[in-house]
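Here's the structure we're looking at; comments come further down.
The values are calculated or read from the model by the stated rules, or taken from the named source; none is laboratory data. None of these values were measured; they are calculated from a predicted model. As a convention, Cβ positions derive from the backbone with ideal geometry for all residues, glycine included, and neighbour counts pool all protein chains shown. Note: accessible area is taken over every heavy atom of the protein model, side chains too, but ligands, DNA and RNA are not part of it. Shrake-Rupley method; radii C 1.70, N 1.55, O 1.52, S 1.80 Å.
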Amino acid sequence: MPTDRDSVSSPEKKSRFAGPKFLLAACLAAAAVFHAPPALAHNDGGSWPAHDMRTIACEGAFVNGKGIVKAYTPRYATAWSGRSTDTVFWNPILYRYNGKQYVQWTGVGSWDAYAYVTQYGLNPDAKPGWRSTATGAQISFLSFKDLPAGSYKVLNQLHWVSTGKTHSEWGPNACTIK
């Protein structure tokens, strides 16, 4: 005979399988959350291939009163749907807080790094990881040097070669040079 603990159905019709069904549904829902593909980032209502921006770190101030901001390469980026591979370029743009808002501190430069990507992330077979466009060497961050005290943020730009589309996204944090 079922007990109240075994049933979550109405009192008129008790089922001894309702509790296990609920538990199974909860487990399947949790599994879907942990195994779901990454959510697509959005910019101005457009959908972009999955990607994940990393943080920045401030270091300094040094003897000369200047500091460094390190902008870390994106954790991953993927190819556009329907494409098996793609090349993605990354350009971090530094902003500094002026007391009212963040304003651009560095100009928009060249695309500083690139990565070969697949539908699943960075391509492990073709020059894996993010690479400097200047040297071709693998990198994990870019440095902005000789910066005065202040609060900084980075606007990341990603550019997919296959489509010619560029996405801009703020990094997840700000940091301060004192």
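Just a few scattered comments:
- Yes/no for TYR114 being under 19 Å from GLY164 (Cβ atoms) and either assigned to a strand (DSSP E or B) or touching a residue at least 40 places away in the same chain (Cβ under 8 Å) (or both): yes
- Identity of the residue in region 28-66, among the small types (Gly, Ala, Ser) and assigned to a loop (DSSP other than H, G, I, E, B), that ends up modelled with the highest pLDDT: ALA50
- In region 104-113, the condition of being at pLDDT 95 or above and under 19 Å from the mean Cα position of the chain (by Cα) is met by at least one residue.
One line per residue, one yes/no per condition, for (1) out of contact with any helix residue (DSSP H, G or I) (no Cβ under 9 Å at 6 or more places or on another chain); (2) in contact (Cβ under 8 Å) with a residue 40 or more places away in the chain; (3) farther than 18 Å from PRO124 by Cα:
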site: TRP48; (1), (2), (3): yes, yes, yes
site: HIS51; (1), (2), (3): yes, yes, no
site: THR55; (1), (2), (3): yes, yes, yes
site: PRO74; (1), (2), (3): yes, yes, no
site: ALA79; (1), (2), (3): yes, yes, no
site: SER84; (1), (2), (3): yes, no, no
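- Residue match in region 125-132 (condition: within 20 Å of GLY164 (Cβ to Cβ), among the aliphatic types (A, V, I, L, M) and open to solvent by less than 50 Å² (accessible area, probe 1.4 Å)): no
- Residue within region 67-86 that is touching a strand residue (DSSP E or B) at 6+ places or on another chain (Cβ under 6 Å), over 27 Å from GLN138 (Cβ atoms) and either part of a strand (DSSP E or B) or open to solvent by 70 Å² or more (accessible area, probe 1.4 Å) (or both) present: no
- Test: residue in region 135-148 that is open to solvent by less than 30 Å² (accessible area, probe 1.4 Å) and under 21 Å from THR78 (Cα atoms): yes
- Of all residues in region 152-178 being of a type in the set (Gly, Ala, Ser) and either closer than 25 Å to THR85 by Cα or open to solvent by less than 30 Å² (accessible area, probe 1.4 Å) (or both), the one that is nearest to the chain's Cα centre (by Cα): GLY171
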